[in-house]
1. Can you report the number of residues in the range 68-113 which are modelled with pLDDT of 90 or more, more than 15 Å from Leu44 (Cβ to Cβ) and not aromatic (Phe, Trp, Tyr)?
2. Is it fair to say His29 is open to solvent by 90 Å² or more (accessible area, probe 1.4 Å) and modelled with pLDDT under 55?
3. Considering only residues that are buried (at least 17 other Cβ atoms within 10 Å of the Cβ) and either among the basic types (Lys, Arg) or closer than 17 Å to Glu96 by Cβ (or both), which ones fall in the range 59-74?
4. Of the residues that sit in the range 38-55 and are open to solvent by less than 40 Å² (accessible area, probe 1.4 Å) and assigned to a helix (DSSP H, G or I), which one is modelled with the highest pLDDT?
5. I need a count of the residues in the range 48-58 that are under 13 Å from the mean Cα position of the chain (by Cα) and of a type in the set (A, V, I, L, M, F, W, C).
Amino acid sequence: MHNIFASQVRRTPPPHSVVPLDDVAHELHGGVDPGRDQGTGIDLQRCLMQLPEEQRAVLLLVTLEDLSYAEVAKVLGIPAGTVMSRLSRARVRLQELLDGASAPSRPGLRRLK
C-alpha cells in the first residue's frame, strides 16, 4: 500500500506547477479581468511611490522578490532588525495611504519650552 501511495504522489504534478489556462491567456493577451477594479493598481503604485525609499525597497524585496529578512539585510547592507522595523512601518503606512488617511494615526510631537 505504501508503494502504491508513493507512486500516485510521484505521478501527480506539484500544485504550484498547474496554471489554469484562463490565467495564461489573460497574461498573454494583456487582457483585463472584468471583476478587478481598474483603479486599484494605479492607487497601489501611487501609494508605494509615497513611501520613503528605504521602506519601499524593503517592502518590495520581501513581498515581490520573496527574499528572506536575512537576504534583504545582506542586499541592502543593513541589520536584520532594521529590515523588520522598516517593513513593519512600510506596511502600516501603505495601509494608511490605501485607506485614504493623509497622516499617520499617531499624534505628532508637542513642543515644550
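The values are calculated or read from the model by the stated rules, or taken from the named source; none is laboratory data. Bear in mind the structure is a predicted one, so any value in this text is a computation, not a measurement. So basically every Cβ, Gly included, is an ideal-geometry build from the backbone, and we count neighbours across all protein chains shown. In case anyone asks, the SASA skips ligands and DNA or RNA and just uses the protein heavy atoms, side chains included. Shrake-Rupley method; radii C 1.70, N 1.55, O 1.52, S 1.80 Å.
1. 22
2. yes
3. Listed by number, the list holds a single entry, Leu59.
4. At the first step, the residues of the range 38-55 found to be open to solvent by less than 40 Å² (accessible area, probe 1.4 Å) are 39, 47-48, 51, 55.
This time we only want the ones that are assigned to a helix (DSSP H, G or I), so: 39, 47-48, 55.
Values: Gly39: 58, Cys47: 88, Leu48: 88, Gln55: 94.
If we take residues in the range 38-55 being open to solvent by less than 40 Å² (accessible area, probe 1.4 Å) and assigned to a helix (DSSP H, G or I), then Gln55 is modelled with the highest pLDDT.
5. Count: 3.
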